[in-house]
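Undergrad: My questions will all concern the structure given below.
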Amino acid sequence: MAKVELKGVTKIYDGDVLAVEKSNVTIEDKEFCVFVGPSGCGKSTTLRMIAGLEDITAGELLIDGELMNDVPPKDRNIAMVFQNYALYPHMTVFDNMAFGLKIRKMDKEEIKRRVNQAAEMLDLTTYLDRKPKALSGGQRQRVAVGRAIVRTPKVFLFDEPLSNLDAKLRVQMRAEISDLHHRLQATMIYVTHDQVEAMTMGTKIVVMSEKRIQQIGEPLYLYNHPINKFVAGFIGTPPMNFFTLKIAEKNGKLVADEGSFTLVPTEEQAKYLKAYVGKEVYFGIRPEDIHYQTAPAAENNMQLKVTNKEPLGAETHVFLQVKDSNIVAKVAPDVVLQLGESVNFTPDMTRAKFFDKETEINICEPNIEKKW
Ligand code: ADP
């Protein structure tokens, strides 16, 4: 059992550097919770406060309901896996994994049993006598994970553990860590700047930006219901497209005008956009929700110039000019479009998002679940 709760957790470093502002998160037992956000948003600081490597300036950290703020790291029953593996170069794989147990004066036979069991789980059995320099990056990372497993901690913390691996190995290790989570049934907290890692591994994602939590939810919930423009643009590849539209009323009907084309919001969206008549809003649409048309559609037709294309095999990304910038649409690989050609596309308005130009809040979904 390990439930981790952050209540109003704030970190201010020496010299008045605000790193984390009033974080409220509940990480349930056995959850795989990923903190994701751009560099400098406060993810690592959050993790280091949970580990006890940084003091908490304000707020409370609870593990299984017990206040942890002043409990030393070694007594928190937490194991952390670092980006740089932090292995001892002069020790063998066995000794690296056993080290934490030896200093706790654990029985030798028990140490052996635990290390062997972890080595088997991580496919390291044949490498136990090697030194870290004789291992590949992926194997080193597995030793670092093994060192955490042998301690049977309540909570595993991972700080960007895959950043030093090449792209192919990252994909493999992603699956291995997810599998490990499944097998160990442990609470894991994972920090990354890579939204693909967050989407593929997390059972819960905490999106951070500018030292604050922006949204918490399951991966697909965040993808489909982003609370603001930041989350909408951060989750998903290629990212959501944004451009500005002006809300107007034409013949009693609400429309969103780009200048060269006009879009008609759904009835549900119109209810919320009424308050914006005469104002500009950000329009957001994902690349897979902009559909190529062989002939102009009667409604919501966007005639746009093709500025670039990227054939990826299974699909092609087409870049289309909207005013001075480009948006991306995904088309089937057999659709052949010429550079410079003007073609017709239609956004699926049921999938479209509208954001307030000042607050950047998602205008038409005011009832998004707030779990923080
Ligand atoms: P992330 O992990 O999201 O990249 P960090 O938690 O490392 O972000 O950093 C959050 C903010 O705190 C940044 O502005 C960073 O410069 C600052 N920061 C991090 N560590 C320290 C430190 N030891 N002293 C002062 N400021 C720090």
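The values are calculated or read from the model by the stated rules, or taken from the named source; none is laboratory data. Keep in mind the model is a prediction, meaning the values are calculated, not measured. Every residue, glycine as well, gets a Cβ built from its backbone with ideal geometry; the counts of neighbours run over all protein chains shown. Just the protein is used for accessible areas: all its heavy atoms, side chains included, with ligands, DNA and RNA removed. Shrake-Rupley method; radii C 1.70, N 1.55, O 1.52, S 1.80 Å.
Undergrad: If the Cβ limit is 6 Å and pairs must be 6+ apart or interchain, which residue in segment 36-59 that is closer than 24 Å to residue 235 by Cα pairs with which residue that is of a type in the set (Lys, Arg) and near the ligand (Cβ under 6 Å from one of its atoms)?
TA: 37/43
Undergrad: In addition: Sort out which residues of segment 27-53 are within 13 Å of the ligand (Cβ to nearest atom), open to solvent by 50 Å² or more (accessible area, probe 1.4 Å) and charged (D, E, K, R), and write them in order of number.
TA: Within segment 27-53, just 48 meets the criteria.
Undergrad: So which residues in segment 54-104 are within 16 Å of the ligand (Cβ to nearest atom) and either over 23 Å from residue 160 (Cβ atoms) or at pLDDT 95 or above (or both)?
TA: 54, 55, 56, 57, 58, 59, 61
Undergrad: Of all residues in segment 73-122, how many are in a loop (DSSP other than H, G, I, E, B) and open to solvent by less than 60 Å² (accessible area, probe 1.4 Å)? Working first, answer last.
TA: Residues of segment 73-122 in a loop (DSSP other than H, G, I, E, B): 76-77, 82-92, 104-107, 122.
Restricting the remaining residues to those that are open to solvent by less than 60 Å² (accessible area, probe 1.4 Å) gives 76, 85-87, 91-92, 106, 122.
So the answer is 8.
Undergrad: Now for a separate question. What tally of residues in segment 174-192 results from selecting those that are modelled with pLDDT under 95, of a type outside the set (Gly, Ala, Ser) and more than 12 Å from residue 32 (Cα to Cα)?
TA: Summing the residues that are modelled with pLDDT under 95, of a type outside the set (Gly, Ala, Ser) and more than 12 Å from residue 32 (Cα to Cα) in segment 174-192 gives 3.
Undergrad: I'd like to check which helices (runs of 4 or more DSSP H) are fully inside segment 212-276 and have at least 3 residues that are within 24 Å of the chain's Cα centre (by Cα).
TA: Details: elements: 219-224, 229-234, 267-273.
Helices (runs of 4 or more DSSP H) meeting the threshold: 219-224, 229-234.
Undergrad: Determine whether residue 22 is assigned to a loop (DSSP other than H, G, I, E, B), away from the ligand (no atom under 13 Å from the Cβ), in contact (Cβ under 8 Å) with a residue 12 or more places away in the chain and not hydrophobic (A, V, I, L, M, F, W, C). Show your work before the answer.
TA: Details: assigned to a loop (DSSP other than H, G, I, E, B): no; away from the ligand (no atom under 13 Å from the Cβ): yes; in contact (Cβ under 8 Å) with a residue 12 or more places away in the chain: yes; not hydrophobic (A, V, I, L, M, F, W, C): yes.
No; evaluated as a whole, the condition is false for this residue.
Undergrad: While we're looking at this one, here's another question. Confirm whether residue 320 is touching a residue at least 24 places away in the same chain (Cβ under 8 Å), surrounded by fewer than 12 Cβ atoms within 10 Å (Cβ to Cβ) and farther than 28 Å from residue 24 by Cβ. Steps first, please.
TA: On the way: touching a residue at least 24 places away in the same chain (Cβ under 8 Å): yes; surrounded by fewer than 12 Cβ atoms within 10 Å (Cβ to Cβ): no; farther than 28 Å from residue 24 by Cβ: yes.
No.
Undergrad: Quick check: is even one residue across segment 326-344 in contact with a Phe, Trp or Tyr (Cβ under 7 Å, 6 or more places away or on another chain) and of a type in the set (Lys, Arg)?
TA: The answer is no, given that none of the residues of segment 326-344 is in contact with a Phe, Trp or Tyr (Cβ under 7 Å, 6 or more places away or on another chain) and of a type in the set (Lys, Arg).
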